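To keep things clear, I will list the structure first and then write my remarks on it.
The values are calculated or read from the model by the stated rules, or taken from the named source; none is laboratory data. Note that the coordinates shown come from a computational prediction; the quantities given were computed from them, not determined experimentally. Heads up, the Cβs are rebuilt from the backbone with ideal geometry, glycines too, and the neighbour counts pull from every protein chain shown.
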């Protein structure tokens, strides 16, 4: 499969680099400045407790993708050319421009989703599949409305990465995993093709028959952990070490569980125990990416992770007092950034 990775930030950069290193046909859709950096330095990955490695990657910009168009022909910028070629005005195309892409890995932050969809739209062909790796579930409806439900499959990942100041991608915790599947739970031929393309690239893969449940379970963790750590401005160990800390964690989790149950995605007893254990573990250094973004003065996915869950809960008659309080605090923070 020809794979287009939208964005070369932490998540997309990491998984795309692993796929490229494993010999898959991977192209990154990036801004011109990022394309120039990748052409000069390659894509540098700093794995958790392992040596840095560099991957030479192919890139395309939104302008080049738009120029190629749905029926690209002579004179169009080459889609999927090596970065140094794609940046040249005279680069023309062999096979890539008219063929489009078979699979799009969409891994942008939710607050940049609208622009990303505009940028990638020319890459979508009748059989193109979009595998989103965003947080929450709100983006699923957005993608279906924009491109049609037949193009959208379920996807999620578990990895802790950050983009260093020099453009390298640093893995800050162990493990890297991706799960994907049809929303109806079927093991379709196209999902087997996706699985064959993504498996065996030095990260864990799962072809799931319950991907929507998987998405909700991850969302419960992200929303609860994000709400807790940003509301109380501390990692888990520091929170549960003070009076009321564990109660706050359990209360927020309880609200998230109730919202999921009302939506028809009740967490299993095992999932409840696992998530509760993570957010109440004494001495834990665990902190969410939302907490890290907040403490570093970056924009956060307040609406997509916490706000959307609180809103769904309120609409279902669920008490979401803690989630709404955390969301309000995140909105105040976002306003302070001018976001």
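For the criterion of being closer than 30 Å to residue 186 by Cβ and crowded, with 20+ Cβ neighbours inside 10 Å, residue 271 fails. Based on what the data block shows, is residue 60 surrounded by 20 or more Cβ atoms within 10 Å (Cβ to Cβ) and either touching a strand residue (DSSP E or B) at 6+ places or on another chain (Cβ under 9 Å) or at pLDDT 95 or above (or both)? Taking the combined requirement at face value, the residue satisfies it.
Of the residues making up the range 1-26, those that are in contact with a helix residue (DSSP H, G or I) (Cβ under 8 Å, 6 or more places away or on another chain), outside any helix (DSSP H, G or I) and either surrounded by fewer than 20 Cβ atoms within 10 Å (Cβ to Cβ) or on the phi < 0 side of the Ramachandran plot (or both) are 1, 2, 3, 4, 5, 6, 8, 24, 26. On the stretch given as the range 234-263, residues that are surrounded by fewer than 17 Cβ atoms within 10 Å (Cβ to Cβ) and without any contact (Cβ under 8 Å) to a residue 12 or more places away in the chain total 7. Taking the criterion of being without any contact (Cβ under 8 Å) to a residue 40 or more places away in the chain and under 29 Å from residue 311 (Cβ atoms), the residues of the range 184-208 that qualify are 184, 185.
Of all residues in the range 29-44, at least one satisfies being in contact with a strand residue (DSSP E or B) (Cβ under 6 Å, 6 or more places away or on another chain), modelled with pLDDT of 95 or more, crowded, with 17+ Cβ neighbours inside 10 Å and under 24 Å from residue 193 (Cβ atoms). Applying the set (1) within 21 Å of residue 162 (Cβ to Cβ); (2) in contact (Cβ under 8 Å) with a residue 60 or more places away in the chain; (3) surrounded by fewer than 20 Cβ atoms within 10 Å (Cβ to Cβ) to residue 319 leaves exactly one unmet item: (1).
Listed by first and then second residue, the pairs with beta-carbon distance under 8 Å, at least 6 apart or on different chains, first residue in the range 146-170 and on the phi > 0 side of the Ramachandran plot, second in a helix (DSSP H, G or I) and surrounded by fewer than 16 Cβ atoms within 10 Å (Cβ to Cβ), are 167/41.
Looking at the range 243-296, which of its residues are under 28 Å from residue 332 (Cα atoms), modelled with pLDDT under 95 and outside any helix (DSSP H, G or I)? 285, 286, 287, 288, 296 - these are the residues of the range 243-296 that are under 28 Å from residue 332 (Cα atoms), modelled with pLDDT under 95 and outside any helix (DSSP H, G or I). Does residue 220 satisfy being surrounded by 15 or more Cβ atoms within 10 Å (Cβ to Cβ) and part of a strand (DSSP E or B)? The answer is no for residue 220. Can residue 53 be described as over 27 Å from residue 151 (Cβ atoms) and either modelled with pLDDT of 50 or more or in contact with a strand residue (DSSP E or B) (Cβ under 7 Å, 6 or more places away or on another chain) (or both)? Yes; evaluated as a whole, the condition is true for this residue.
Tallying residues that are part of a loop (DSSP other than H, G, I, E, B) and under 18 Å from residue 125 (Cβ atoms) within the range 27-71 yields 3.
The lone criterion from (1) under 18 Å from the mean Cα position of the chain (by Cα); (2) crowded, with 21+ Cβ neighbours inside 10 Å left unmet by residue 123 is number (1).
On the given criteria, is residue 201 in contact with a helix residue (DSSP H, G or I) (Cβ under 7 Å, 6 or more places away or on another chain), in a loop (DSSP other than H, G, I, E, B) and at pLDDT 95 or above? In short, yes.
In the range 102-120, which residues are within 14 Å of the chain's Cα centre (by Cα) and in a loop (DSSP other than H, G, I, E, B)? Those that are within 14 Å of the chain's Cα centre (by Cα) and in a loop (DSSP other than H, G, I, E, B): 107, 108, 109. Considering (1) at pLDDT below 95; (2) in contact with a helix residue (DSSP H, G or I) (Cβ under 7 Å, 6 or more places away or on another chain); (3) within 19 Å of residue 203 (Cβ to Cβ), the lone condition that residue 76 does not fulfil carries the number (3).
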